[in-house]
Structures are given as C-alpha cells and as structure tokens.
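Read the structure below first, then the notes.
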2 protein chains.
Amino acid sequence: MSAEIICVGTELLLGDILNSNAQFLAQQLAQLGIPHYYQSVVGDNPARIQQTVAIASERSQILIFTGGLGPTPDDLTIATLADFFGVPLAERPEIIEDITRKYAQRGREMTANNRKQALLPVGAEILTNSVGSAPGIIWQPRPNLTILTFPGVPTEMKQMWQEVAVPYLKSQGWGQQLIHSRTLRFWGITESALAEKVAPFLDRQNPTVAPYANNGEVKLRVSARAASEAEATALIAPVEHQLKQIAGADCYGADEDTLASVVGRALLASKATLAVAESCTGGGLGQMLTVTPGSSVYFWGGVISYDNSVKVELLNVHPDDLAQQGAVSAIVAEQMAAGVRDRLGTTWGLSITGIAGPDGGSDSKPVGLVYIGLAHTNGYVTSYEHRFGELRSRNWIRHLSACTALDHLRRQLILSTSRATG
Amino acid sequence: MSAEIICVGTELLLGDILNSNAQFLAQQLAQLGIPHYYQSVVGDNPARIQQTVAIASERSQILIFTGGLGPTPDDLTIATLADFFGVPLAERPEIIEDITRKYAQRGREMTANNRKQALLPVGAEILTNSVGSAPGIIWQPRPNLTILTFPGVPTEMKQMWQEVAVPYLKSQGWGQQLIHSRTLRFWGITESALAEKVAPFLDRQNPTVAPYANNGEVKLRVSARAASEAEATALIAPVEHQLKQIAGADCYGADEDTLASVVGRALLASKATLAVAESCTGGGLGQMLTVTPGSSVYFWGGVISYDNSVKVELLNVHPDDLAQQGAVSAIVAEQMAAGVRDRLGTTWGLSITGIAGPDGGSDSKPVGLVYIGLAHTNGYVTSYEHRFGELRSRNWIRHLSACTALDHLRRQLILSTSRATG
C-alpha cells in the first residue's frame, strides 16, 4: 500500500510558485508511516490530468491531489476525476449553504461560479474545508483506490489535512505505525566531524539517526517507528541522551529551538540581560533575538554602529584604536561590546564587526573576516576571530556572523552556569 | 516539442527538502519558451526511476533530471538511465582528472567512490560542473530524445544550467522564442485595488500583464514573447511606462529592487544620511537597509531601543510621555526618530514602535498597532499610525512594520526631490 501526491496547477509549471504543498504532504506521510514513492505536477489541462491519474492509479492505492478546486474555469480537478472514472457529478446542497454562509460573513454574495464547487462525484464524501470556500473529496471510485483532494492554498490544505484527512486515514487502518522524529541541532561543528563522532549511530535502526546540514547548522534527525508517539518518544530518548553526551556543548537544542531562543532561556535562567552592538550585521543580531516573544525581559536593545562615528560617540570606541587597528579588529569588537554593555547597563554586551563584502576586503583583512566581542558586567571582555571566507555571499556572511555571536554567548552562559552550580 | 523535469531523491519523498530545483527549472523553461507539461519526483530506486523514464520518454522530447549524481551508492541516476536505454558505461579520464584537481585544491584526495562519477553512458557528452565534483550528461539515447542531468545541489545545478545547458538548448534551435518578463513592484496598495486601476491591461497579449501578491507586496509581471531580449524589452517598455503613470508613487521599483535599495538610491541622490530607532522590529529595519552593499555611505546606524530605559537614555524620549502615552504612541515614535537623528547627526531619523504580539495587546492598543516616526534635520517631524491586525503573526507584523517604515521615507524622499527640482 502506498500513496502518491499529484499537484495540479499551471502556475507550478511556470515556476510562479514553489511546491511547498508537496513537501508538507511528504513529511506528513512519512510521519504516518505511509509509503510514498512518486510525486507528480501537471497543469490545468484535462487530458494531461487524466493521463496522470491513469498512471498513478495503477501503481498507488491512495492518490492525494492539491489544486484545481477553485471556482474559476481553469479549476478542473474534480470534474476531470469524475470523467476519468465515468461517474456523474451531482450538486451538494450542503456545500451551497456553506459557501453562502461564509460569503455572508464577509459581506459578499455567492457568485454563479461558486456553484461549480458544489458539484462532486456521486458517491464521494465531502472533505470539509473549514476555512475557505473550496471543499475537497474523499472518494473510493473503485476497490483498493482512495482519492483525497485539497485546495492549492497551503493554509486551507494543511488545516483540512490535519482536521479531516489524518483521522480518516487512521480510521482506515493506515498510519497506525507512525514515524516520530526529533531533530538535534548543532553549531560550531561540521557535518563530517559530527558524523565521524557519532558514526556507530548512523547504522542503527529504530530509531535511525541521520545527519543533515543547512543554513550553516548541522542537525541529527532521530526517527522512531512505533504504534504511538509515546512509544516512539521512549525509543528516541536514550539515543538522544547518548548523542548529547558525545556532542557536548556543540549540541545547542532540539526541534523548534533556535540559537536565539536557547540564549534567551539561558539569560532568563541566570536573570541576566543583554545588549548588542552591531556593525556588519546592521541589526540582524537584534532581529534574531527579538523573534522570540517576551524577549524584552532579557534583551534590552543595542546600537547599530554602521558608521565609525557611531562607534566612537555611542560605544566609546577609542578613535586611536579605530585609526590604528581598523574598525574590523579584536580591540574594536571588545570596546564595542563593553561600550554597549556600559551604555545600556546590562549584564552582557555582545558585538559584531566584520567585512561582509562583496567590496572592502584586503589581503590582510579579506571579505569574511569577522570579530565578535563579548563583555560581562564583572569586567570580563573577550573577542573571537572568524574567517567565513571570501567565496560566501554578503548575506551568508552576515547570517553566520549573527549565529556565531549567539553561539559564543551561549557557550559562555553554559560555562558561567556550571561555575555557579559547580 | 516539450520538456519534462524529473527530480530524483528519497529526501524529496520524505519531505526533508523543498523542491526549489523544480521551480528554478520551470521558470527557466518558461523564459526560454520551451513548453513543459509534467514534473515528477521519484526516490533513489532503480526500478521506479526506470518506470518514470519509460513514461516521460514517451510524452516529452527533453528530459531534465536533477539529483542522484553523487559518489555514494544511493546515487543511481546515470547508471539507471544507461541500463534503461541498454547502453554501457565507460570511464572518462577527463573527469577523473577534474575531480583529482578539485580535491587537491582543497587538500583532499579523491576516493574510490568518486571513480563512479566518471562512469558515463557511451555516446553521452559531459555537462561540465565547474563548481562541484559531479558532472552531468547531455545525451541523445535515441532520435528525438535529449536527456540532461544535473546534481541536486541547487548552486551547482543553476550554474551548470546557465553555463552549459542554456547555450546547448539554444544551439539546438530550442528556446529561440524567449519569454522576457519585468516585474513592477508596489507598496501601499492592495492587489485588488491595483488590479482595478490597471484592469484594461490584464486582458492584453504580448506583453501580458499579471498581478501577484506575496510577502505583503503587490507585483505586476509584464511578459513579452519575442525572438530576442531586446525585442521583448521594446515590447515591454511602453506598457511599463503606462502602468507606472497610472500607479504613481505606489510603484516603488522593478525586478531586483527592494524598498531598502530604492530608499538607498534616493538617499544617495539627495546626499542625505539616515539613522534608525527600532523597538518592536529589534534591528530588522537596519538589517534590511544593510543588505545593500555600500549602504554605509547613507546608513550610519541606529539604536535598538527594545527596553524603555534605552528610549530615554539614548534617544531622549521624555519619561513623562512614556508614562502618559505609553511606549507605543505617536509622540514616542516622533521623539525616537528625532532623538536618533540628533544623536547620530544624520539628515533623516526613522523610528518604529509597536506591539508585535502575541501578548501585550489591549482593547485600546491591540496587537498589530504600530507607530512609525520620521524626522528631518530641518526640524520636520511626523508619525504614522498603522493597524496590522491581531490575526497576523509576530514576525509578519515585524516585517510589515519595517517595510512600511521604508515606504514612508521613500515617499518623503520623492516629495522632497520634487520640491527641490520643482
């Protein structure tokens, strides 16, 4: 038994939109443990949709469609499916009522176009759309073949999937063996170095452990197959524990954690506050820190010292050091961190100064050279030099700089906590 | 004649990665005017790859593969294609040399695994990969069928597409009728209001005009089909001119322009400088401004005044106004803008204070209420109130706030330029 995803829409063939629906459904099928071997994209064309259905219905038992459920003439999915299986369409009064009610709430009247959305194949169940006007269907046009259709709008598709499709699939005995995963997140170690450290784990089964790398961070996904989430979690927990032991401080969190949210929790736990001084990141570090709701408790703000005059005036960087060492130097990074900490009166000050490029590099100070400064209210000041490379893009260097700054603070917070409790 | 995209990789079926390669190739085919009716995704499984090739080779004349070219055992694309068409593989010494050289540059030695990447079907041309180790092929296994293979890594795939595949396709007489598009960008007008204003244009042919909306901005894509880019540009220019006349200041730019880059150009043109004061955006406005290389000429920096104490200490916001009107108020926004302008000595000061949520809202000041302040060195200070709505997410409200702040400054810069020249 396997499922197949078929996304209908000429806009996908033109490259106007990214097919995020296919990724969502693929993840969902994997989590439910429903095998899935093929995905297709086809335009709003009845003959080609029929050809796709002919192929898919021979090799898969669950066909999941997205797109082509709207009210306009190029929305053809339902009518084409009915035609392919030789089943007539019939108007469903409950859909007319539902659309009329939803439109009335927005002060609009249902149009003649919308009537089309109430035409479903005889024998198909309505897959209710609680958000938008386009309902889907759950339909067994012949034994051993189930068709589910969803609108192309991701929010509607996802809600209908969770609310209706998942309970339906489970009621049919599919997805009883679910796959539950936990993603451990790492910073400051390469994928190959981590893979070497945890090599024995990469061959194991249930849970499996697989390394990934993207956006500059490395992840280990620990996936267990079990009858329930609780059972899967119990399989994952000891492996997660061992992996964390091996990785030590390189593992910064799991699942929805970000470097900024983990730093935030550690600051909260130690009742500490933070200010930032940013040069080449131009506000990106503050932006990351304030993604977390409630961050104002520990993040007080900072100074974007893009121009050198701001480093001198607001951060008390010494003009002599700026002149002799340059704005991108360890001493300026340290003075920026100490300066913003002093100015805002926080526990910690964190600074970034670097050359993001594409211009401004030299032999001694190439593009990608970044200094991160860290200052504590007890007088501790330090800095870190990084060379993110001349081949990386400006925005990539800026992103790595902000993440790495957070990571340095994170490691210092771990150290100071272990000192305090040790 | 039509092309078909086939993406190979179990990671796509697991939903681990988003299929951005398919979107890129779809856009490229549309630009080249090469019809494209189907896309498929299939896992790293020889039998299923063969089944996919069997179907695609019957209905399309150009098959474009991504993925499965790497050195590991699950990279099967080339061997499976050779097997399907009954053609033997042969080792290409020039590939062994190329990989050896690339590895030596990074101080590594070629592994036995890499030898596999030099095995190509007899009769296939090498599709050179100037970045990574995995070459592709350009192959006509039978008359009227051309196969192009690319690695799954997007940067390598894109470079090979541009450098080798596009010239090859053109040399074969495909893509002679290209589609060239220009995207006009708008801020401060809804998609439906814009569509109404330009309604007569939406029905026209060559160039066609189509509205889009995403990330809070509205776009009009003007697309012309012609034999050359110059010819297409000539078709687009008069329509673009008319659309801009109709839209006025709501049209902020085109193609790669961003609100920040357009503001930057206007500041440069008027030899003006800018400082920002950010509360709820936490640095996001500065981050946007500094995406543009060379922005330090006009953007000097700013203050992230997340905590109220920073508003008072660094921006001279009056504690009485903070207490009486609250941090999210017109007067505080104006004082922040004037304060940061005074402190940094720039021509303009731009500020944002608002409630990004999800908590912190009240009946009188709901989540989504944002004030933007703007101050000029001549003493001009103003503010704008926005209600971005309680249903929007924290990050969405923050994004809209930063963009809207840039848009207000942009409109003021247009006004002051027209005053100066008028």
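Answer with yes or no whether B:Ala402 is closer than 22 Å to A:Gly284 by Cα and either among the acidic types (Asp, Glu) or not in a loop (DSSP other than H, G, I, E, B) (or both). Answer is yes for this residue. The condition of being more than 30 Å from A:Ala230 (Cα to Cα), without any contact (Cβ under 8 Å) to a residue 60 or more places away in the chain and not aromatic (Phe, Trp, Tyr) holds for only one of A:Ala26, A:Ala22, A:Ala47, that being A:Ala47. Of note, A:Ala277 satisfies the criterion of being within 12 Å of chain B (Cβ to nearest Cβ) and out of contact with any Lys or Arg (no Cβ under 6 Å at 6 or more places or on another chain). Taking A:Ile55 as meeting all but one of (1) at the interface with chain B (Cβ under 10 Å from one of its Cβ atoms); (2) surrounded by fewer than 16 Cβ atoms within 10 Å (Cβ to Cβ); (3) among the β-branched types (Val, Ile, Thr), write down the number of the exception. For A:Ile55, the exception is condition (2).
Of all residues in the stretch A:248-262, those that are at positive phi have Cβ atoms under 7 Å from Cβ atoms of residues that are surrounded by fewer than 17 Cβ atoms within 10 Å (Cβ to Cβ), 6 or more apart or on another chain, in A:Asp255/A:Thr183. Checking each residue in the stretch B:173-220 for being within 30 Å of B:Gln61 (Cβ to Cβ), modelled with pLDDT of 90 or more and in contact with a Leu (Cβ under 6 Å, 6 or more places away or on another chain) picks out only B:Pro207.
Of all residues in the stretch B:382-401, those satisfying the criterion of being in contact (Cβ under 8 Å) with a residue 40 or more places away in the chain, closer than 16 Å to B:Glu334 by Cα and buried (at least 17 other Cβ atoms within 10 Å of the Cβ) are B:Ser383, B:Ser401. The conditions of being buried (at least 17 other Cβ atoms within 10 Å of the Cβ) and of a type in the set (S, T, N, Q) are not met by B:Ser418. Can you find a residue that is farther than 27 Å from B:Cys280 by Cα and buried (at least 24 other Cβ atoms within 10 Å of the Cβ) anywhere in the stretch A:329-352? Yes: one or more hits.
The number of residues in the stretch B:297-341 that are more than 35 Å from the chain's Cα centre (by Cα), part of a helix (DSSP H, G or I), more than 10 Å from chain A (Cβ to nearest Cβ) and among the small types (Gly, Ala, Ser) comes to 1. From the list A:Asp16, A:Asp74, A:Asp83, A:Asp98, the lone residue that is among the acidic types (Asp, Glu), touching a residue at least 12 places away in the same chain (Cβ under 8 Å) and within 14 Å of chain B (Cβ to nearest Cβ) is A:Asp74.
Residues that are within 14 Å of chain A (Cβ to nearest Cβ), surrounded by 16 or more Cβ atoms within 10 Å (Cβ to Cβ), assigned to a loop (DSSP other than H, G, I, E, B) and touching a residue at least 12 places away in the same chain (Cβ under 8 Å) are absent from the stretch B:105-124.
For the stretch B:25-44, the set of residues classified as more than 7 Å from chain A (Cβ to nearest Cβ) and either of a type in the set (Ser, Thr, Tyr) or in contact with a strand residue (DSSP E or B) (Cβ under 9 Å, 6 or more places away or on another chain) (or both) consists of B:Leu25, B:Leu29, B:Gln31, B:Leu32, B:Gly33, B:Ile34, B:Pro35, B:Asp44, listed by residue number.
Kindly indicate the residue of the stretch B:160-180 that is outside any loop (DSSP other than H, G, I, E, B) and surrounded by fewer than 19 Cβ atoms within 10 Å (Cβ to Cβ) and also nearest to the chain's Cα centre (by Cα) among those meeting that condition.
Of the residues in the stretch B:160-180, the ones outside any loop (DSSP other than H, G, I, E, B) are B:160-171, B:178-180.
From what's left, surrounded by fewer than 19 Cβ atoms within 10 Å (Cβ to Cβ): B:162-163, B:166-168, B:170-171.
Details: B:Gln162: 17, B:Glu163: 21, B:Val166: 21, B:Pro167: 24, B:Tyr168: 26, B:Lys170: 26, B:Ser171: 29 Å.
Here the residue is B:Gln162.
The values are calculated or read from the model by the stated rules, or taken from the named source; none is laboratory data. The structure displayed is predicted, hence computed values, not measured ones. When we count neighbours, we look across all protein chains shown, and the Cβ atoms used for this are built from the backbone with ideal geometry, even at glycine.
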